[in-house]
Amino acid sequence: MVNSITTGRSFRIKGAGRFVFAATMIGVGILGLIKGDFTVIWQPVPRGIPAREVLAYLCAFVSLFAGAGLLWRRTSAFAAVVLLTFLVVWFLLWRLRLFFVAPLIQSSWSCGETAVMAGAVCVLFAEFAAGWFRQRLGFATGDKGVRLATVLYGLGLIPFGYAHFANVKGTADLVPGWLPWHLFWAYLTGVTFIAAGLAIGIGLFARLAASLSALQMGMFGLLVWVPIVVRGSINPFQLGEFITTLVLTAAAWVVSDFFRKKPWLAAGRL
């Protein structure tokens with residue numbers, strides 16, 4: 001592929017993924033402003049840190065305005081830079097910290113969530129960056145930027161698969177009662193997350209892997225969390241998981257949209 005940085009050619013991402021991801025970020029921002037606290041994608045932040053409430057509102061505003069900025073092509077690059085910066089800072093400040101204070105399953109899952117979102121935002125930046133951004137941040141645009149984005153996204157999927165194996169009973173318990181073989185589905189979804197992450201990371205059947213990972217996240221939300229929401233029996237933890245699933249599905253949709261023009265079984269460089 002000719003380098004997009006030198007030609008200025010856009011990847012021309014098609015599909016609704018960008019708009020769905022933007023809408024979820026707007027929703028997260030509004031929810032944060034209503035709660036006056038960190039929403040699930042910005043947790044956990046220890047209580048007692050200086051200006052914690054101010055920081056919570058700042059995260060809500062970043063989510064809201066970055067989401068709004070991603071809706072328009074002219075503001076997408078700036079919005080992506082702002083959101084990606086916050087995700088990276090959050091990863092360094094709070095996600096890595098969990099490896100020292102929380103079980104491996106929780107810490108790795110949190111890192112995976114941030115990596116998946118960061119991967120999606122990197123794809124959008126690589127697509128829409130122009131002018132000053134392309135000159136100053138060329139490493140994150142064009143082919144190099146998309147490669148970085150897909151590696152981040154692929155790495156982010158692997159902890160999800162690990163969590164299914166590390167907590168196989170808890171995963172099996174979430175499988176709807178009308179489906180047989182709960183343990184089978186718990187193991188299968190764990191395997192597919194890991195396989196998809198590795199495939200996308202090395203560029204092997206990346207379109208198929210990205211599409212299936214987005215579908216799997218979406219089906220998980222539809223089959224597990226939506227019925228609980230409809231019944232009105234959702235607790236705060238489950239609500240947080242539902243919101244997380246929406247955000248991650250939207251992020252996966254963004255990455256899947258990038259691969260739409262690639263052959264389903266393509267192998268090798270992007």
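Every read-out reported here was derived from the displayed coordinates using simple, explicitly stated rules and does not represent laboratory data. Model, not experiment: these values are computed from the prediction. Neighbour counts run over all protein chains shown; Cβ positions are idealised from the backbone, glycine included.
Across the options 117, 240, 193, the greatest Cα extent toward the positive end of the charge dipole of region 13-261 (unit charges at beta carbon of Lys, Arg, Asp, Glu) belongs to 117.
Residue separation of residue 183 and residue 105 scaled by 0.36 nm, minus their Cα-Cα distance, works out to 26.2 nm of gained length. Counted by neighbouring Cβ atoms within 10 Å, the residues 219, 25 run from fewest to most as 219, 25. The trypsin sites (Lys or Arg not before Pro) found in region 216-270 that occupy coil by DSSP, while having at most 11 further C-beta atoms within 10 Å, are 269.
Annotation: amide H-H contacts under 5 Å for residue 37 (H modelled 1.01 Å from N, sequence separation of 5 or more, or interchain): none. The trypsin sites (Lys or Arg not before Pro) of region 39-129 that DSSP puts in a loop, and whose beta carbon has at most 12 other beta carbons within 10 Å, are 47. Put simply, the amide H of residue 175, placed in the peptide plane, has no neighbours under 5 Å, leaving out anything fewer than 5 places away on its chain. Dividing the summed helix terms, -39500 (n - 2.57) for each DSSP H run of n ≥ 4, by the number of residues in the chain produces a 222 nm estimate of -23000 deg cm²/dmol to the nearest 500.
Averaging sequence separations of C-alpha pairs under 8 Å and six or more residues apart, then dividing by the length of region 13-261, give the relative contact order as a whole percent. Don't skip to the answer; put the middle values down first.
Working: 357 pairs, mean separation 55.0, N = 249.
Once divided by the residue count of region 13-261, the mean separation gives 22 percent.
Shown is the FRET efficiency for residue 74 and residue 34, computed with R0 = 30 Å from the Cβ-Cβ distance and rounded to the nearest 0.05: 0.55. Please work out whether the chain counts as rounded, prolate or oblate from its C-alpha gyration tensor, where a ≥ b ≥ c are the square roots of the eigenvalues and a/c under 1.5 means rounded, while otherwise a/b larger than b/c means prolate and anything else oblate? Here the chain falls in the oblate category.
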